[in-house]
Structures are given as structure tokens and as C-alpha cells.
1. Which whole-number percent gives the relative contact order of the chain, counting Cα pairs below 8 Å spaced six or more residues apart?
2. Please report, in cubic angstrom per residue, the volume enclosed by the convex hull of the alpha-carbon atoms of the range 31-387.
3. Please work out how much length the chain gains when fully extended from T2 to D77, using 0.36 nm per residue of separation minus the C-alpha to C-alpha distance, in nm with one decimal.
4. Starting from the Cα of Y37, step 7 Å along the direction of its Cβ; do the same at T101; then give the gap between the two resulting points in nm.
5. List the residues of the range 252-286 whose backbone N lies under 11 Å from a point placed 7 Å from the Cα of V350 along the Cα-to-Cβ direction.
6. Assuming R0 = 35 Å, can you tell me the calculated FRET efficiency for the pair I223 and A122, based on Cβ-Cβ distance, to the nearest 0.05?
7. At R0 = 51 Å, how high is the FRET efficiency between D372 and Y306 if r is their beta carbon distance? Nearest 0.05 is fine.
8. So which DSSP H runs in the chain come out at 15 Å plus along the axis (Cα) with average Kyte-Doolittle of at least 1.6?
Amino acid sequence: MTAAGILAGLFLLLALYCGIDPFGHRPIKDFPEFEAYRVDFPPQSQVPNLNDPENRLQKSEIKFLNKIQGPESLAFDPQGRGPYTGVADGRILFWNGYSWTEFAVTSPNRSEICDPKPSPLAYLKNEHICGRPLGLRFNKKTGELYICDAYFGLLKVGPEGGLATPLVSEVNGVPLKFTNDLDIDEDGNVYFTDSSTTYQRRNFMQLIFSSEGSGRVFKYDAITKEVTVLLSGIQFANGLSLSKDGSFFVVCECVPGRLRRYWLKGKKVGTSDMLAVLPGFPDNVRTNEKGDFWVAMHCRRTFYAYFTGLYPKIRKFILNLPIPTKYQYLLQVGGWPHAIIIKYSPNGEVLEVLEDRSGKVVKAVSEVEEHDGKLWMGSVLMPFIAVY
């Protein structure tokens with residue numbers, strides 16, 4: 001057989017393998033209605049070239065390694081105790097200064113399937129049963145902890161902990177499929193996000209691959225218990241934080257990489273604008289005591305993510321190749337998680353950039369909580385908390 005014949009045969013086998021996908025590696029094989037959408041990216045000229053030449057996050061202290069799995073959000077109670085954090089097995093834990101203790105749970109259906117597993121991702125298939133608490137915030141006046149559980153919606157639990165009480169699980173007849181983050185104003189009203197009406201958190205990679213825009217932001221009225229839709233059409237609505245004076249909140253638009261501002265007071269009330277264009281995929285955002293915003297990003301946006309975001313047909317074609325989900329995701333994030341956090345002023349000015357460009361120490365970060373002069377960093381993907 002000639003060399004050309006051998007190459008033709010190999011090409012035929014490769015095409016047959018890609019078409020059949022005998023090992024079920026395609027990331028969208030279980031999603032027959034999957035569709036890829038164009039990402040609403042800001043112009044590339046607006047993306048800031050920000051970096052930390054010293055890679056200062058590599059100087060962070062890694063705490064509680066392998067003692068907690070996937071601490072997404074971190075909160076300190078009105079007395080300054082904590083942190084409290086929601087972990088991958090569905091519990092909310094409290095650090096009492098000596099050890100981690102169980103504080104609360106969001107699911108009434110917990111069983112042995114929620115028992116400890118080797119990594120945060122190992123819990124994905126049972127999250128809808130065990131619960132997956134994400135955003136956490138204390139009402140400073142009442143001491144109640146409000147919780148965004150990805151599957152059970154908006155809940156709260158009293159200062160003594162226990163089984164959380166459901167508050168909102170659907171809005172206007174549409175179930176909350178991926179409740180993500182929240183903040184509370186001075187009157188006790190809760191502002192919270194739902195990342196998608198199509199994909200649950202256990203399918204967060206497919207949500208990123210799709211870039212569909214059904215994310216929403218809501219207001220839960222503490223007195224009337226009514227819920228109002230404030231923003232919709234967001235491509236992966238993620239973290240949310242109120243400004244120090246309560247005149248607006250900012251919400252992270254994960255897929256396009258933007259920080260959007262929504263006005264609650266003043267001449268622009270009820271309208272929104274862009275506070276900042278981000279260099280990567282944002283997760284949560286938190287306001288410090290000075291009123292600045294800390295934005296946590298798992299990684300920088302790559303040219304691959306930018307290109308395939310602009311051309312959804314090409315992205316869908318690649319997703320139909322028998323490349324395992326893990327490797328498709330790594331293509332999106334540039335080959336490896338590499339944490340970057342940025343502090344913005346209330347006017348959107350960049351004040352500080354810290355990163356671990358190689359992912360040597362802080363491989364990923366979901367949230368930054370500034371407390372007593374330290375930056376506490378949690379990650380939904382990592383088995384530790386980093387402190388800088």
C-alpha cells in the first residue's frame with residue numbers, strides 16, 4: 001500500500017471515530033437541544049492589559065488544604081467571627097478558630113451520597129440532591145445568613161444555623177435553575193442572580209460553551225416577599241455586590257467579561273451601564289469597607305475563547321468533536337486555571353491587580369473577601385482557602 005493510501009485510510013478512520021464518538025467524549029452528547037450563541041464581547045480595544053509582574057498571589061498562605069472542598073463564598077458574621085463557607089458536599093461550615101463545624105444545610109434530603117469525596121467536581125452528579133450553597137451574606141441587623149443555593153434557590157437560616165428556610169425557588173413561574181450570588185441592603189431587601197434558565201450548576205461547563213443569555217438579576221422585597229426582575233438577558237449572570245452607599249449594585253457578566261452597574265437611586269434609577277471591561281472570566285465581586293470592589297477571576301480570556309465566542313458555528317463544530325469536556329474547558333481557560341483578582345473603584349478605575357499567572361499556588365479563585373487587612377480567597381474548584 002502506498003503512503004497516500006495509508007494516509008487516506010487513517011483519515012477515514014479518524015473521520016469515522018469523530019462521527020461515531022464510540023467512547024461518548026463529546027461535551028454536548030447529552031444535550032440534544034444544545035445551541036451555541038455569539039458572545040456579546042466588548043471591542044477588543046477596550047479590554048485592559050492588566051498584569052501583576054510580581055505574581056503576588058503566589059505569596060498567599062494556603063489554609064485548610066484538603067479539609068474543605070470547593071469553598072465558593074466566604075462570609076464573616078456581624079460579630080466578625082468566621083469565615084463561614086459553603087462547600088461541595090452541600091453544607092455550610094463555620095471556622096470557630098480551632099476547627100470547622102457544620103453550621104447549616106440547604107437540602108432536607110441529605111444521605112450517604114453526600115459523604116466526603118476526593119475532589120470538588122466529584123460531587124457534581126448529586127448536587128441537586130445534597131444542595132450546593134454558593135453566595136453567602138449575613139443580614140447585619142438580624143444576624144440571619146442568606147444563601148444562594150444553586151438548586152434550591154434563595155434561602156435563609158437563623159444565627160443558630162440548622163436547616164435553611166426556602167424563600168424563592170421560582171420567579172414568574174420560571175424555576176431558578178442556577179441561583180448564584182446575592183447582597184442585602186440596609187432595609188433587608190435581597191438582590192440575587194440566577195445564572196441560567198437552561199443549565200444547572202452541574203452543567204456549568206455546557207453553559208460556558210453555549211453562552212446562552214438567560215441570566216437574570218432579582219430583588220426580593222423583605223416586607224412584601226415579592227420578587228422583581230431587574231435585569232435579564234445576561235450571558236452567565238454571576239457575582240453581585242451593592243455599592244457602599246447603596247446607590248447601585250454591580251453584577252458580573254461571566255462570559256463576556258464585564259462588570260455591569262445597575263442604579264437603585266438617583267437620576268439614573270432603574271437603568272444600567274458598564275462599570276468596567278474585564279480581562280477574564282469573573283466569578284464573584286465583593287465590596288470592601290472603603291467602597292471599592294474586589295473582582296475574582298478564574299483566568300484571563302484567551303484568543304481561542306474570544307475567537308470561538310464570536311463564531312458560534314465554529315465553536316459548536318469543535319464541541320461536536322470527541323474531545324472530553326475537561327480538555328474543551330481547558331481550551332477555554334487557556335490551558336490551566338490561573339487566578340487573577342482586581343480591585344476597582346466605585347467609578348470603575350483599576351486600583352490594584354494581583355495574580356498567579358502560572359497557577360502555581362492560587363490555581364483558581366471564586367471570591368475575594370477583605371477582612372481585617374487580609375484577602376480571603378475561596379474557590380469552587382479547589383480544596384483550600386488562600387489568604388493574602
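1. Computed over the chain, the figure is 19 percent.
2. Convex hull of Cα atoms, per residue: 136 Å³.
3. 19.6 nm
4. Modelled inter-label distance: 4.5 nm.
5. Of the residues in the range 252-286, 277-280 have backbone N under 11 Å from the label point off V350.
6. Step by step, r from the Cβ atoms, then E = 0.25.
7. On the way: r = 39 Å, r/R0 = 0.76.
Calculated transfer efficiency: 0.85.
8. Values: long enough: 3-20 (25 Å, 2.32).
Helices meeting the span and hydropathy rule in the chain are 3-20.
All of the numbers you see were taken from the coordinates with simple rules; none came from a lab. The shown structure was predicted, so the numbers you read here are calculated from the model rather than taken from an experiment. Every residue, glycine as well, gets a Cβ built from its backbone with ideal geometry; the counts of neighbours run over all protein chains shown.
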